[in-house]
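The values are calculated or read from the model by the stated rules, or taken from the named source; none is laboratory data. Just so you know, these numbers come straight off a predicted model, no measurement behind them. Positions of Cβ are backbone-derived with ideal geometry, glycine not excepted, and every protein chain shown enters the neighbour counts. Heavy atoms of the whole protein, side chains included, go into the accessibility calculation; ligands, DNA and RNA do not. Shrake-Rupley method; radii C 1.70, N 1.55, O 1.52, S 1.80 Å.
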Amino acid sequence: SRQVRGLCGTFNGDQRDEFTTPEGDVEPGVSAFANAFRAAGACPALGPAIPDPCDGFPGSRERAEAACAVLMGPAFQ
């Protein structure tokens, strides 16, 4: 039996328990799950919606899409 847990999930083939917190609770959403692992005071808590990482960096969306186009292209199919 696999004994994996934490931010990487449980890796047991059952997706219903992937968001298990350190306390053993199963959170229904990403924000609550991520906040359970947050070190108090080290960073702000996530809100109900996860911000788009490209919004804070002008031009990053275009660079990311160009890089992903290579991975999604015929060379990797």
**Message:** Just the residues that are under 16 Å from residue 53 (Cα atoms) and either loosely packed, with under 10 Cβ neighbours inside 10 Å or β-branched (Val, Ile, Thr) (or both), please, taken from the range 68-77.
**Reply:** none
**Item:** Tabulated pairs, the range 28-51, first free of Cβ contacts under 8 Å to residues at least 24 places away in the same chain and farther than 16 Å from residue 9 by Cβ, second polar (S, T, N, Q) and surrounded by 10 or more Cβ atoms within 10 Å (Cβ to Cβ), C-beta under 7 angstrom, 6+ apart or interchain
**Value:** 45/35; 46/31; 46/35; 47/31; 48/31; 50/31
**Asked** Looking only at residues in the range 20-49 that are β-branched (Val, Ile, Thr) and open to solvent by 60 Å² or more (accessible area, probe 1.4 Å), which one is modelled with the lowest pLDDT?
**Response** 30
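Which of the residues belonging to the range 8-19 are in a loop (DSSP other than H, G, I, E, B) and either more than 14 Å from the chain's Cα centre (by Cα) or surrounded by 10 or more Cβ atoms within 10 Å (Cβ to Cβ) (or both)?
Once the filter is applied, which keeps residues that are in a loop (DSSP other than H, G, I, E, B) and either more than 14 Å from the chain's Cα centre (by Cα) or surrounded by 10 or more Cβ atoms within 10 Å (Cβ to Cβ) (or both), the range 8-19 yields 9, 10, 11, 12, 13, 14, 18, 19.
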**Request:** Go through the range 50-65 residue by residue and tally those that are more than 19 Å from residue 7 (Cβ to Cβ) and either open to solvent by 60 Å² or more (accessible area, probe 1.4 Å) or modelled with pLDDT under 80 (or both).
**Result:** 10
